[in-house]
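Asker: A single structure is presented below for examination.
The values are calculated or read from the model by the stated rules, or taken from the named source; none is laboratory data. All values derive from a computational prediction rather than experimental measurement. Note that each Cβ is placed from the backbone with ideal geometry, even for glycine, and that neighbours are counted across all protein chains shown. The accessibility values were calculated without ligands, DNA or RNA, using every heavy atom of the protein model including side chains. Shrake-Rupley method; radii C 1.70, N 1.55, O 1.52, S 1.80 Å.
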Amino acid sequence: MPTAESAITINLQDATFAAPSETYGEVIVIGEDPNKLDLFNQVKTYYSQSEVEADFGPDSPISKATAKVFAQGVQRVKAVNAMKDDGTGNAVADYDTVLADLEDKKVDYDIMVATIDASDANASKLVNHAGTYHKVLVLASIGDAATVTSNFLALTANEYVFAVAHDDTNLTPGELSGAIAGVISKLQPWIPCEWYNVQGVNAAGYKASEVDQLEQNNIATIIEIGKAVISTAKSLDGSWIDVPRTKAYLVTEIRNALINLKLKLANMGSKIPYTPQGLSMIKATIEKVLRVAQAQRALREDYVDANGNLVRGYEVQMPNYDDISDSDKAARILKNVKVTAYLSGAISKITLDLIITL
């Protein structure tokens, strides 16, 4: 049973405004274009392919990737060039700066498209970033089944990496990644992408035995089932990609609900009290988020088992107020808030260990 566990800090002390509505499908293409060094590390949102090509031209790896994202019916996509001048007129990739700035500048993105192949030395930087910041990374490798399998197995897998392979050497890694990312971005976080149609990419030519080999190593490809579809929805570490996406969704919705609770009380000249009553308010706020997730069919419905016992689709455990240390109370830090959520239509569960700074 795939299980996603995480210790996550939610800081309410610096919140000064209500959180905007989230979409959970914002795509960013992180590419390499040595001919556009003046656009290094400039994140821009594009609403059409013509806008991308006006900046990068039609033959840029970045443009080719965004074209496949738009082909899936996506309305907008961000892009950023990771190539810069090293000071001597030579083009070099600087993923460290680009990835750090995505977080420092609070860029809104959920799904990363890499234009490099999984065999590239910089692929591990994207993989680590995805795992650290809970962003889905769609990473491709082009070649025969044995080669692409070797390329992916060389990486340190985490649940946020979606690996996809293809044997068409005329297809760029960015095009394949962009197409898959576009499909994923249009699905609710809790919907797996397995067997969803992909526009603009033909099925791979792998033998059935090779497809089985890829899937056994948690690598997806494009297969033909009446039309070109994604063969599997597993992350590179063996979990299902909807599990970490749903985890990120729940964490964000809980954080936003607590921020809005804090601001509501602030407008009334009050604050979330660090008392048993305050802990009850926090629990009720988290449970409201989980009830909404149930109504959206993200989480399993409550039901009564054969023995007449109520089985919940989620559980929220709060620490006993008297067991909280005086130092945590003084610092207004609430630890050991446990959330367990069961995904709808599956046996997968998500466990969140929250640390809330009031």
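Asker: Restricting to the stretch 204-260, name every residue that is open to solvent by less than 10 Å² (accessible area, probe 1.4 Å) and under 13 Å from the mean Cα position of the chain (by Cα).
Answerer: The answer is 235, 241, 243, 244, 246, 247, 250.
Asker: Within the stretch 296-314, is even one residue outside the structural domain of residue 8 (by the TED database), assigned to a helix (DSSP H, G or I) and within 30 Å of the chain's Cα centre (by Cα)? It would help to see each step written out before you state the result.
Answerer: Residues of the stretch 296-314 that are outside the structural domain of residue 8 (by the TED database), as a first pass: 296-314.
The next check asks that each one be assigned to a helix (DSSP H, G or I); those that pass are none.
Checked the stretch 296-314: no residue is outside the structural domain of residue 8 (by the TED database), assigned to a helix (DSSP H, G or I) and within 30 Å of the chain's Cα centre (by Cα).
Asker: Which residue pairs have Cβ atoms under 7 Å apart, sit 6 or more places apart or on different chains, and have a first residue in the stretch 293-315 that is over 19 Å from residue 338 (Cβ atoms) and free of Cβ contacts under 8 Å to residues at least 12 places away in the same chain and a second that is open to solvent by less than 80 Å² (accessible area, probe 1.4 Å) and of a type in the set (Val, Ile, Thr)?
Answerer: 303/311; 305/311
Asker: With in contact with a Gly (Cβ under 6 Å, 6 or more places away or on another chain) and among the hydroxyl-bearing types (Ser, Thr, Tyr) as the only criterion, which of 115, 147 stands out?
Answerer: Numbers: 147 fails: in contact with a Gly (Cβ under 6 Å, 6 or more places away or on another chain).
Answer to the check: 115.
Asker: Determine if the stretch 24-44 includes at least one residue that is under 19 Å from the mean Cα position of the chain (by Cα), open to solvent by 70 Å² or more (accessible area, probe 1.4 Å) and among the basic types (Lys, Arg). So that I can check it myself, show each step before the final result.
Answerer: Taking the stretch 24-44 first, the residues under 19 Å from the mean Cα position of the chain (by Cα) are 24-31, 43.
Those left that are additionally open to solvent by 70 Å² or more (accessible area, probe 1.4 Å): none.
No: the stretch 24-44 contains no residue that is under 19 Å from the mean Cα position of the chain (by Cα), open to solvent by 70 Å² or more (accessible area, probe 1.4 Å) and among the basic types (Lys, Arg).
Asker: In the stretch 123-196, which helices (runs of 4 or more DSSP H) lie fully inside it and hold 1 or more residues that are under 23 Å from residue 107 (Cβ atoms) and in contact with a strand residue (DSSP E or B) (Cβ under 6 Å, 6 or more places away or on another chain)?
Answerer: On the way: elements: 123-133, 145-153, 173-185.
Of the helices (runs of 4 or more DSSP H) lying wholly inside the stretch 123-196, those with at least 1 residues that are under 23 Å from residue 107 (Cβ atoms) and in contact with a strand residue (DSSP E or B) (Cβ under 6 Å, 6 or more places away or on another chain) span 123-133, 173-185.
Asker: Where residues in the stretch 187-203 are open to solvent by 60 Å² or more (accessible area, probe 1.4 Å), more than 13 Å from the chain's Cα centre (by Cα) and of a type outside the set (A, V, I, L, M, F, W, C), which of them is nearest to residue 165 (Cα to Cα)?
Answerer: 202
Asker: Continuing with this model, one more query. Give me the pairs: first residue in the stretch 166-195 and outside the structural domain of residue 116 (by the TED database) and in contact (Cβ under 8 Å) with a residue 24 or more places away in the chain, second residue surrounded by 17 or more Cβ atoms within 10 Å (Cβ to Cβ) and among the basic types (Lys, Arg), beta-carbon distance under 8 Å, and six or more apart or on different chains, which are they?
Answerer: Listed by first residue and then by second, the contacts come to nothing, as the list is empty.
Asker: Additional query: Scan the stretch 264-280 and give yes if some residue there is among the hydrophobic types (A, V, I, L, M, F, W, C) and closer than 27 Å to residue 245 by Cα, otherwise no. Walk me through how you get there before you give the answer.
Answerer: Of all residues in the stretch 264-280, those among the hydrophobic types (A, V, I, L, M, F, W, C) come to 265-266, 268, 272, 279.
With closer than 27 Å to residue 245 by Cα added as a condition, the list becomes none.
There is no residue in the stretch 264-280 that is among the hydrophobic types (A, V, I, L, M, F, W, C) and closer than 27 Å to residue 245 by Cα.
Asker: Could I ask something else about it? Could you check, for the stretch 138-151, whether at least one of its residues is among the charged types (D, E, K, R) and closer than 25 Å to residue 347 by Cβ?
Answerer: Here is the first cut: in the stretch 138-151, the ones among the charged types (D, E, K, R) are 144.
From what is left, the residues that are closer than 25 Å to residue 347 by Cβ are none.
Within the stretch 138-151, not a single residue is among the charged types (D, E, K, R) and closer than 25 Å to residue 347 by Cβ.
Asker: Identify, by number, the condition in (1) in contact (Cβ under 8 Å) with a residue 60 or more places away in the chain; (2) part of a helix (DSSP H, G or I) that residue 280 doesn't meet.
Answerer: (1)
Asker: Going through the stretch 114-139 one residue at a time, which ones are of a type in the set (Val, Ile, Thr) and either more than 18 Å from residue 248 (Cα to Cα) or touching a residue at least 12 places away in the same chain (Cβ under 8 Å) (or both)?
Answerer: We begin by selecting, within the stretch 114-139, every residue of a type in the set (Val, Ile, Thr); these are 115-116, 127, 132, 136, 138.
Those that are of a type in the set (Val, Ile, Thr) and either more than 18 Å from residue 248 (Cα to Cα) or touching a residue at least 12 places away in the same chain (Cβ under 8 Å) (or both): 115, 116, 127, 136, 138.
Asker: Follow-up. Being within 20 Å of residue 282 (Cβ to Cβ) and among the small types (Gly, Ala, Ser) is the filter; apply it to the stretch 302-339 and report the residue that is surrounded by the most Cβ atoms within 10 Å (Cβ to Cβ).
Answerer: For the stretch 302-339, the residue satisfying everything is 313.
Asker: Across the stretch 140-153, which residue is nearest to residue 240 (Cα to Cα) among those that are of a type in the set (A, V, I, L, M), touching a residue at least 40 places away in the same chain (Cβ under 8 Å) and touching a Leu at 6+ places or on another chain (Cβ under 8 Å)?
Answerer: Among those that are of a type in the set (A, V, I, L, M), touching a residue at least 40 places away in the same chain (Cβ under 8 Å) and touching a Leu at 6+ places or on another chain (Cβ under 8 Å), it is 140.
Asker: Residue 60 - would you say it is more than 18 Å from residue 185 (Cα to Cα), among the small types (Gly, Ala, Ser), assigned by the TED database to the domain that holds residue 143 and out of contact with any Cys (no Cβ under 9 Å at 6 or more places or on another chain)? Before the answer, list the steps.
Answerer: Details: more than 18 Å from residue 185 (Cα to Cα): yes; among the small types (Gly, Ala, Ser): yes; assigned by the TED database to the domain that holds residue 143: yes; out of contact with any Cys (no Cβ under 9 Å at 6 or more places or on another chain): yes.
In short, yes.
Yes/no per residue for (1) β-branched (Val, Ile, Thr); (2) within 25 Å of residue 158 (Cβ to Cβ); (3) in contact (Cβ under 8 Å) with a residue 12 or more places away in the chain:
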| site | (1), (2), (3) |
| --- | --- |
| 245 | no, yes, yes |
| 248 | no, yes, yes |
| 288 | no, no, yes |
| 321 | no, no, yes |
| 324 | yes, no, no |
| 327 | no, no, no |
| 332 | no, no, yes |
| 349 | no, yes, yes |
